Structure formats: structure tokens, C-alpha cells
């Protein structure tokens, strides 16, 4: 196992949620039947054994904390297993209180709590619901007292782009570990606000603003290969670009279905019916990562490490092989280098 790249999963434990966010990639907010967490965990861990791989897991929903004791039993199982390197929890934080933080603290491999926020009060609550902003702030006060990295997650769209500097300052002022910025991809409920997808020049503005906030003299072009950004505040400011991880990171749904990415809901198989090896070597993955199968300027582009966002192409164009709608390059032959 030593030296191997981990095979990572964003595991959606449940569809149940106590919010109805306008931009959500879910369509249903209840489970058709109770999630078989122990069975899925067994299948996943068995598959990792067969592949001789380790994993970093992002547990989310819906809202994972709605599972109550079932979530804590799963965390205990994952905490003991040698194939699990690290666990992160993605939550809307509405169920976070002192007692919950104390219970979560008992799991050594639970290193990070990611909390969704879309901007300051008016903008956030227009997306996530009235009163949510202040409830999240209360939860963050409890979380920062724990041993975790506490990170804000912001989904960028036209309605909250101007909030970027404000939520940046908020995260710093609250003493959080960092902030993650991701692009809005109109799937599920979010299709109703498809017009809010960032335009090319808005994406470029964000990249330039991000560099300015970090105090980095970096051209926006050099950030083009990255689909998301994780800013760490621990010692100074670190900017971590997240390139597309197709084939090394997957999405596991409550019913066992596995997607290449939650924002690219094309089934690769079902973990309750098929081996993990077969699912993670699905032929579609090789094609999506091979430039010759892409269309438009993504096929000819020479930007190092960039194949565009396949999820955004699928959501906006209906074609996972289409060119990235956010790409602001005018000439396909322009090349650049990646972040180190």
C-alpha cells in the first residue's frame, strides 16, 4: 500500500435532508428505503482490500447527521479499519451542538468538518432558507473548539460571486481552517436555476480575485486546470487547486450506485451488485480522461493537466465529452503550467 495513491469516495449516506437548497444537485430528499450502511461499508472495504488500496472518505448526504446513532456506528467502523486513511464530514451544520461535537471528537480519523455556506446572511438564506446563516454561525462556534479542521464550502454561481471577499473574511475572523470554492453545476433541483451558472469571464474574475485575496501574483490562466480551490489559513495562506480526479475519486450513493462524480451522475455500476474493481475500471473513465474523445477546444487544448470539467459539460451541454463551458481561453493552442 505504501506510496500508492488513495482511491477516494464522496459517500452520500442518505438522501434525507432538513434543507431544500435551491441549487442542490438532489431531486429527492427522502430515501426510498433505509440505506444499508453496514452492507455498503463491507462491500467498499472488501473492494479496497482486493484492489490493495486505501481511501479518504467524505461522508455527506442529504444531511448525514440526520442518521444519528447509525452515523456514529459507521464512523466507529471506519475508524478501526486500516484501509481508511482519513474521514471528512460534509454537513449543513444545523444539527451541530456541543454534545454532537463532543461525540464526533472521539473518532481519530475524522479530521475535517466541511460546512456549507453560500455567502453572508441575505444571499445565503435566499439559497438555503431563512435563518440558516445565523444557525450555521452558532454551529461554527462549537466546531472550532474541537480538534477538527473546520472548512467552509461555497458553491459559486452568479448570485453569490460578489460574496467571495466577504465569506473569505468571515472564515478568517471565525478562526476556521480554510474555505473551499466549487463551481455550481446545475443538476437535480439546481436545474431550476441553470441561468445562474457562471459565465466564462465571471469564472476568470473569480480566479483573479482568489489570487488577490491570497496575495499571490499568479495569472488566472495558471489556475485553469482546477475545478475547485481549497484555501488553507493555518500558517499564512496556502492555495490548493483541485484538479479533476476522475478515476481516482468516486461518488457512492445511498443505494450503492457509483458515479464518476456527484456532479456527473452517469452510473458506472452498483456496489451491491458488482465488484469495486469492475466499477472503478469502467471504460467510460478512460474515454473521459483521453483528450482525443473530447470535443471543441478541449480536444485540441495543450493546457497542462486540464481536460475541462466533464460534469459542467454534461449539465450545460448534455454531453460529458463537450468543451468546458467555463473555459475562457480564446486559442486552443495556449499552454500553461499547473500549480505546484
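The values are calculated or read from the model by the stated rules, or taken from the named source; none is laboratory data. Predicted model, so just to flag it, every value in this text is computed and none were measured. FYI the Cβ positions are ideal-geometry reconstructions off the backbone, even for glycines, and counts take in every protein chain you see.
When 89, 77, 39, 48 are checked against the criterion of being within 18 Å of residue 147 (Cβ to Cβ) and not in a loop (DSSP other than H, G, I, E, B), a single residue qualifies: 89. Hey, any hits in the stretch 19-34 for a residue that's in a helix (DSSP H, G or I) and in contact (Cβ under 8 Å) with a residue 24 or more places away in the chain? Within the stretch 19-34, not a single residue is in a helix (DSSP H, G or I) and in contact (Cβ under 8 Å) with a residue 24 or more places away in the chain.
Consider the stretch 169-201 and keep the residues that are modelled with pLDDT of 95 or more and in contact with a helix residue (DSSP H, G or I) (Cβ under 6 Å, 6 or more places away or on another chain). The one that is surrounded by the most Cβ atoms within 10 Å (Cβ to Cβ) is 179.
Only one entry in 91, 55 is over 27 Å from residue 281 (Cβ atoms) and either within 21 Å of the chain's Cα centre (by Cα) or free of Cβ contacts under 8 Å to residues at least 24 places away in the same chain (or both), namely 91.
Residue 235 meets the conditions (1) within 29 Å of residue 59 (Cβ to Cβ); (2) in contact (Cβ under 8 Å) with a residue 40 or more places away in the chain; (3) assigned to a loop (DSSP other than H, G, I, E, B) in every case but one. The failed one is (2).
Per-residue answers, yes or no, for (1) modelled with pLDDT under 90; (2) part of a loop (DSSP other than H, G, I, E, B); (3) touching a helix residue (DSSP H, G or I) at 6+ places or on another chain (Cβ under 9 Å):
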{"site": "277", "(1), (2), (3)": "no, no, yes"}
{"site": "285", "(1), (2), (3)": "no, no, no"}
{"site": "312", "(1), (2), (3)": "no, no, no"}
{"site": "316", "(1), (2), (3)": "no, no, yes"}
{"site": "323", "(1), (2), (3)": "no, yes, yes"}
{"site": "331", "(1), (2), (3)": "yes, yes, yes"}
{"site": "334", "(1), (2), (3)": "yes, yes, yes"}
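Only residues that are touching a strand residue (DSSP E or B) at 6+ places or on another chain (Cβ under 8 Å) and either farther than 16 Å from residue 164 by Cα or part of a helix (DSSP H, G or I) (or both) were counted in the stretch 193-210, giving 3.
Residues in the stretch 101-124 that are more than 24 Å from residue 36 (Cβ to Cβ) and assigned to a helix (DSSP H, G or I): 101, 102, 121, 122, 123, 124. So how many residues does the stretch 133-168 have that are touching a residue at least 60 places away in the same chain (Cβ under 8 Å) and either in contact with a strand residue (DSSP E or B) (Cβ under 6 Å, 6 or more places away or on another chain) or crowded, with 22+ Cβ neighbours inside 10 Å (or both)? Summing the residues that are touching a residue at least 60 places away in the same chain (Cβ under 8 Å) and either in contact with a strand residue (DSSP E or B) (Cβ under 6 Å, 6 or more places away or on another chain) or crowded, with 22+ Cβ neighbours inside 10 Å (or both) in the stretch 133-168 gives 4.
Filtering the stretch 286-323 down to residues that are surrounded by fewer than 18 Cβ atoms within 10 Å (Cβ to Cβ) and under 30 Å from residue 48 (Cβ atoms), which residue is farthest from the chain's Cα centre (by Cα)? Among those that are surrounded by fewer than 18 Cβ atoms within 10 Å (Cβ to Cβ) and under 30 Å from residue 48 (Cβ atoms), it is 293. Test residue 4 against the stated conditions and say whether it is touching a residue at least 40 places away in the same chain (Cβ under 8 Å) and not in a helix (DSSP H, G or I). The answer is yes for residue 4.
Restricted to the stretch 35-50, and to residues there that are surrounded by fewer than 18 Cβ atoms within 10 Å (Cβ to Cβ) and either in contact (Cβ under 8 Å) with a residue 60 or more places away in the chain or closer than 19 Å to residue 103 by Cα (or both), the residue that is farthest from the chain's Cα centre (by Cα) is 50. Only a single criterion out of (1) within 30 Å of residue 195 (Cβ to Cβ); (2) out of contact with any strand residue (DSSP E or B) (no Cβ under 7 Å at 6 or more places or on another chain); (3) surrounded by fewer than 21 Cβ atoms within 10 Å (Cβ to Cβ) is not satisfied by residue 10, namely (2).
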